[in-house]
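For reference, the structure is listed below as structure tokens.
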Number of protein chains: 2
Amino acid sequence: MRIGIIGGGAVGLLTAAYFSKNHDVTIYTRRHEQAEQLCTYGLTVMYGNERTTYRVHAEPFVRAIEEDVLFIAVKQYDVTHILNTRIHMLQANAIMFLQNGMGHVLHLPHMPHNDIALAVVEHGALKIDDTTVSHTGVGRTKWSVWRGEKETFSFLSVTDARFPFQYVEDWKTMLIEKLMVNVCINPLTALLGVPNGMLVTHAPYRQAMEQLFHEVASIFELEQQERIWQHVETVCQQTAVNRSSMLRDIEAGRRTELDAILGYVIERANERHIPAPISTFLYALVKGKELEGEKEK
Amino acid sequence: MRIGIIGGGAVGLLTAAYFSKNHDVTIYTRRHEQAEQLCTYGLTVMYGNERTTYRVHAEPFVRAIEEDVLFIAVKQYDVTHILNTRIHMLQANAIMFLQNGMGHVLHLPHMPHNDIALAVVEHGALKIDDTTVSHTGVGRTKWSVWRGEKETFSFLSVTDARFPFQYVEDWKTMLIEKLMVNVCINPLTALLGVPNGMLVTHAPYRQAMEQLFHEVASIFELEQQERIWQHVETVCQQTAVNRSSMLRDIEAGRRTELDAILGYVIERANERHIPAPISTFLYALVKGKELEGEKEK
């Protein structure tokens with residue numbers, strides 16, 4: 001099958017690598033140099049002490065793409081840009097989104113494609129350089145159909161054991177659960193400069209996270225709050241020594257996904273005239289850190 | 001006049017030094033060693049390139065004190081302990097409190113003393129070691145009578161030009177204004193690790209501070225909010241390069257005055273069943289930092 005992957009970050013590279021075993025994969029990058037490097041040196045996945053290099057095709061995303069299936073693996077802030085300005089360039093029967101946030105869901109009704117799926121990636125992955133990704137934690141990719149036929153994506157059932165896909169019925173619950181995890185873990189670890197585990201092992205931080213969780217859960221009128229809270233705690237425990245992607249972005253002076261995560265929450269609260277004092281306060285503090293870092297560059 | 005000063009921190013030492021010129025001053029310390037050192041080496045004030053050393057008497061605060069006037073210059077968390085367990089040891093006609101918070105005010109009705117005054121110190125002072133204090137910023141000490149005769153404290157009008165006292169009518173407004181300054185500046189700078197000025201020059205931080213200010217102003221049903229907000233901003237500007245005492249405490253792994261400042265706000269909110277989400281959230285984050293530091297010790 002011809003698979004196109006837009007985005008040469010950690011998630012894009014990881015997905016490309018594991019599909020390369022059985023499919024004809026092309027990676028569409030933002031920068032020319034990365035595409036050139038991938039064509040020249042191949043794509044390497046590090047897993048423990050193991051290094052595996054795959055031949056892949058890569059090119060910059062500058063013209064219309066024709067593929068059987070397209071995976072959109074860019075950051076949330078780039079997906080909006082693509083959907084606003086380049087929908088006509090996405091020529092594929094089926095499209096799957098691999099974003100953390102929920103902002104792109106609002107754009108889906110305007111897409112011409114028949115089969116659209118949404119997914120959340122629960123792997124640990126760290127981009128080492130333009131052609132290398134480290135698979136730091138094996139998880140799974142949950143996915144669900146937003147519009148169209150589930151069978152279009154049946155090829156997902158035959159994947160590498162280290163890169164399993166799991167189908168879920170309810171895409172909304174799937175995305176909101178992932179959003180809740182990101183809302184709870186990312187901004188707080190980025191602000192406090194602590195690894196994920198501290199949010200459950202250090203009582204005052206756990207208290208702050210719980211306060212934030214309840215505010216956001218009310219905004220989304222979340223059902224099964226107790227179960228989702230336990231899920232958030234479990235993720236903190238399972239990734240205890242990890243530094244969250246937002247913390248790493250802050251430390252590197254990069255733009256974060258704050259807008260896609262906490263910004264999205266605040267927008268939904270504003271729309272519905274629900275006060276969101278903690279989310280707003282935390283947003284300002286992390287945004288301040290982000291801009292401090294950018295100034296220093 | 002015989003003046004006793006309880007507390008050998010920055011404020012206690014600064015006050016003792018400036019009164020030593022015209023009065024018979026004794027400093028009552030927590031630790032024996034500090035008292036011995038002060039008796040042996042005197043008390044030194046650094047001001048710019050100037051160093052002035054004063055002969056002072058000092059002893060540990062372990063027995064009843066008899067003085068004409070007593071200044072209570074210990075941290076808020078120690079003043080409660082003293083007022084709960086050692087009121088009988090404070091044998092003086094007049095007492096003046098030099099605390100940042102407001103927690104001690106609740107204890108005043110139980111005190112037997114006739115003349116009780118409250119003060120807030122607006123100087124920059126940094127304790128260098130047990131016998132040295134640096135006067136980093138000349139301000140003034142505002143004071144007001146809580147009970148008794150204003151004339152008892154008339155000696156305050158004859159002080160060093162660098163250490164002026166200013167009488168104000170309304171002790172409550174005086175303390176609340178100081179509390180608002182401390183609430184706005186101390187916990188945020190401690191959490192963010194930034195000097196005071198950043199809270200007004202960096203837009204997202206300013207936004208967060210304003211959100212906090214309005215929540216606390218509502219809890220205290222503050223009048224003249226606009227004027228007090230401007231006062232907070234002015235203090236940030238005037239002390240722009242300073243690192244707040246709470247930030248310094250966090251950096252040194254010391255206990256902070258968080259309970260006296262934000263803890264007090266939360267208690268008042270709880271008493272009156274007013275929600276205080278931002279104060280509660282910020283309290284947890286800074287308390288977490290404080291305990292992280294203590295663990296590392």
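Key figures
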item	result
Point-charge dipole on Cβ atoms (K/R +1, D/E -1) for the protein assembly as shown, about Cα centre, debye to 20	720 debye
Share of Cα-Cα pairs in the stretch B:173-296 lying beyond 25 Å, as whole percent	18 percent
Cα-based Kirkwood hydrodynamic radius, the stretch A:2-169, one decimal, Å	15.9 Å
Over the protein assembly as shown: helical MRE at 222 nm, DSSP H runs n ≥ 4 each giving -39500 (n - 2.57), nearest 500	-13000 deg cm²/dmol
Among A:224, A:180, A:276 - extreme Cα towards positive end, dipole of the stretch A:173-296, charges at beta-carbon	A:180
Cβ charges +1 (Lys, Arg) and -1 (Asp, Glu), total dipole of the stretch A:173-296, debye	220 debye
Those GluC sites (Glu not before Pro) in the stretch A:220-297 that DSSP places in a loop and that have at most 11 other beta carbons within 10 Å	A:221, A:223
Unit charges on C-beta of K, R, D, E only; dipole of the stretch B:2-169, Debye	220 debye
Cα convex hull volume per residue for the protein assembly as shown (Å³)	174 Å³
Degrees, to the nearest 10: A:225-238 long Cα axis against longest axis of chain A	70 degrees
In the A-B interface, the accessible area buried, summed over both sides, Å² (probe 1.4 Å)	2100 Å²
Loop-resident sites, the stretch A:261-290, for trypsin sites (Lys or Arg not before Pro), counting at most 16 other Cβ within 10 Å (DSSP)	A:272
Residue A:214 accessible area, assembled protein chains, probe 1.4 Å, Å²	80 Å²
Taking only Cα atoms of chain A, radius of gyration then Dmax in Å	18.8, 53
Convex hull of the stretch B:98-238 built on C-alpha atoms - directionally averaged projected area, nm²	10.2 nm²
The stretch A:218-291, Cα convex hull volume normalised per residue, Å³	94 Å³
Unsatisfied cross-links (Cα-Cα over 25 Å) in the set B:21/B:150; A:289/B:172; A:289/B:142; A:75/B:289; A:289/B:287; B:75/B:178	A:289/B:172; A:289/B:142; A:75/B:289
Reachable aspartates and glutamates, given that their alpha-carbon falls under 14 Å from the alpha-carbon of residue A:127 and they are not under 8 places away in the same chain	A:249
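The values are calculated or read from the model by the stated rules, or taken from the named source; none is laboratory data. Only a predicted model underlies this, so the values are computations on that prediction, with no experimental measurement involved. We place every Cβ from the backbone using ideal geometry, glycine too, and count neighbours over all the protein chains shown. Keep in mind that these areas ignore ligands, DNA and RNA; they rest on the heavy atoms of the full protein, side chains included. Shrake-Rupley method; radii C 1.70, N 1.55, O 1.52, S 1.80 Å.
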